[in-house]
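These notes concern the structure reproduced below.
The values are calculated or read from the model by the stated rules, or taken from the named source; none is laboratory data. Just so it is clear, the structure is predicted and the values come from calculations on it, not from any experiment. Here the Cβ positions follow ideal geometry from the backbone for every residue, glycine too, while neighbour counts run over all protein chains shown. We work out accessible area using only protein heavy atoms, side chains counted, and drop any ligands, DNA or RNA first. Shrake-Rupley method; radii C 1.70, N 1.55, O 1.52, S 1.80 Å.
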Amino acid sequence: MDKQELNTALKQNKILTEDKLKILESELSQVKIPTPWEDFLIEKKAVTEQQLLALKSQLLSVSVIDLTTLQIPQDVLNLVPEPIAHRHQVISFAKTKDDLSLAMSDPEDIQTKEFIQKKTGLKIKTFLIGRTSLDFGLSKYHSSLEKEIKHLFTPSSKPLSAKAEGESAKDDSLKKMAEEIPVIRVVDTLLEYAVFEKASDIHIEPQENAVTVRYRIDGVLHDVMTLPKVIQAAIAARIKVLSNLKIDEHRLPQDGRFKIEKDGYKFSLRVSTIPIFDGEKVVIRLLDESAKAMSLDELGFEKESYEVINRNIKKPHGMLLVTGPTGSGKSTTLYTVLSMLNTKSVNISTIEDPVEYRIIGANQMQVNPKIGLTFDVGLRALLRQDPNIIMIGEIRDRETAEEAVHAAMTGHIVFSTLHTNDAAAALPRLLDIGVEPYLIASTINAVLAQRLVRTICKDCQKPLTLDDAAIDALAKEFHLDKLLPILIRVGAAPAKCKSLKDVKFYKGEGCDKCSNTGYRGRMGIHEILEVTPTVGQMIMAHKSSQEIQEQGEKEGMVLMWEDGFIKATKGITTIDELVRVSKE
């Protein structure tokens, strides 16, 4: 329910006055840990849970249900996966032939209702639930899971994560447990929920007495569930079976992959295991193979950056580099550019690790170091295949870098990624790898650097202006003296603005739609450096990245953090998010 709508109802029903609400809102703004408005009202004893439920029931025309008085069948409870129940505060408690009854703290959460309806094939009946009742329903998951798991373990085999002399016997029991229904159900639930929440990574982390599962959603890790310690080894074994890894290897890191395809989605999953003190940690990265390439506008490119990229990818030869840390969207940007150039008149060939998205009409090769198929070996092979456009997943070493620049010199368009913090640093980085300066200056057309920032939730967005204290704090992080002219130049601030206090920014207050974070989704912030004749001469003279960046700024380059502030004025992201990303 919308916060403003609830406040209006509280005043109309004479439960709280306008003044009292203002005092409470002021107190909430001082709380460092994000707290939902309704929880805060109850915590402060401004209203009781029963008052709030009665009011919401009246406003939403939904009946209230108390689960503590009901006996919930286990098969009905399990129709909603446990992580979905936790994050979206929904419990399935009754079922008929055609209907499923859901108790929800937010009956207006249409996305979750549609997901459950599609998954179960049943018509959804919605009821309103309070915090006490919800906690009771959620506790049923943990107790039922423990009951299901108990029969898998005898007292003698319980400490599975410990190293013992009977290694082979333990591994045989692990193989059996990896095929048991409770373990399969837990792993399937983790994967299904990750897809639903659009998580990019799953972290399964053994602790001393439990196993914590965390998902990276919009670039930030969130705790989603805690499992009994006793299931740790069985979960790791199940994932190893799926990804064709050695079940009996617990002391060395392993890497594997597998695919899942269900209900219209198709994901490729990369698995990594490492031994840590409390057992084996497993991380799974999810890559959506059914995802379609986005446009540069959708990726967040401003008009000036778009024009620079468009100009440079239309050149008959040369190289475009995309730089940034792992998980900054480099591959997505390159796939978007390739889709723009993908016509029947050109031959597009790629060498990747791994192939993240399929491009219809392109020849995509995956590296395999075990058999000697590395980036440089694969690239040499591609050059004998008469390509027009080549995409190299990453430049990691001198051999790959030299093959790439030679390909760009001999009439090919080459795209690749590099790990540097900004665009200007990519050029000295190639010098460090061992590429000759004249090759860099003559083959690199442009370098793009990017990061991903969380975007503001549109359902709880509100305007924000900066005071002197906020501007002083920002001045310690950014060179604000040159920001205002850039904002005015690109039309992000009115020409009459005298200081940043006159510029309108935005923030998300937090609501049920964004799990009270104030953010939903991510978008890129970018900077793009064109290698002009002047910049080329600086490369030949071995100038530093700082000097190259300053020259780029003189020629009109907008820096990444400046691009972020432009997006902050448009209500796309927040200044807090820019500070977070810049510190990373």
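Quick one: how many residues across the range 1-49 are part of a helix (DSSP H, G or I) and among the β-branched types (Val, Ile, Thr)?
Qualifying residue count, the range 1-49: 3.
Across the range 195-207, which residue is most open to solvent (accessible area, probe 1.4 Å) among those that are more than 17 Å from Asp278 (Cβ to Cβ), modelled with pLDDT of 90 or more and of a type outside the set (A, V, I, L, M, F, W, C)?
The extreme case among them is Ser200.
Provide a single number: the residues in the range 50-109 that are among the hydroxyl-bearing types (Ser, Thr, Tyr) and assigned to a loop (DSSP other than H, G, I, E, B).
The total comes to 4.
Across the range 373-385, what is the number of residues that are of a type in the set (Gly, Ala, Ser) and surrounded by fewer than 18 Cβ atoms within 10 Å (Cβ to Cβ)?
The total comes to 1.
Regarding the range 512-520, can at least one residue be identified that is open to solvent by less than 10 Å² (accessible area, probe 1.4 Å) and not aromatic (Phe, Trp, Tyr)?
Checked against the condition, which is being open to solvent by less than 10 Å² (accessible area, probe 1.4 Å) and not aromatic (Phe, Trp, Tyr), the range 512-520 yields at least one hit.
Would you call Asn388 within 28 Å of the chain's Cα centre (by Cα), open to solvent by 10 Å² or more (accessible area, probe 1.4 Å) and not charged (D, E, K, R)?
Spelling it out, it is not the case that Asn388 is within 28 Å of the chain's Cα centre (by Cα), open to solvent by 10 Å² or more (accessible area, probe 1.4 Å) and not charged (D, E, K, R).
Residues that are buried (at least 18 other Cβ atoms within 10 Å of the Cβ) and polar (S, T, N, Q): find the strands (runs of 3 or more DSSP E) completely inside the range 404-485 holding 2 or more of those.
Because the criterion is at least 2 residues that are buried (at least 18 other Cβ atoms within 10 Å of the Cβ) and polar (S, T, N, Q), the strands (runs of 3 or more DSSP E) in the range 404-485 that meet it are 413-418, 444-456.
Is there a residue in the range 557-571 that is more than 30 Å from Ile217 (Cα to Cα) and outside any helix (DSSP H, G or I)?
yes
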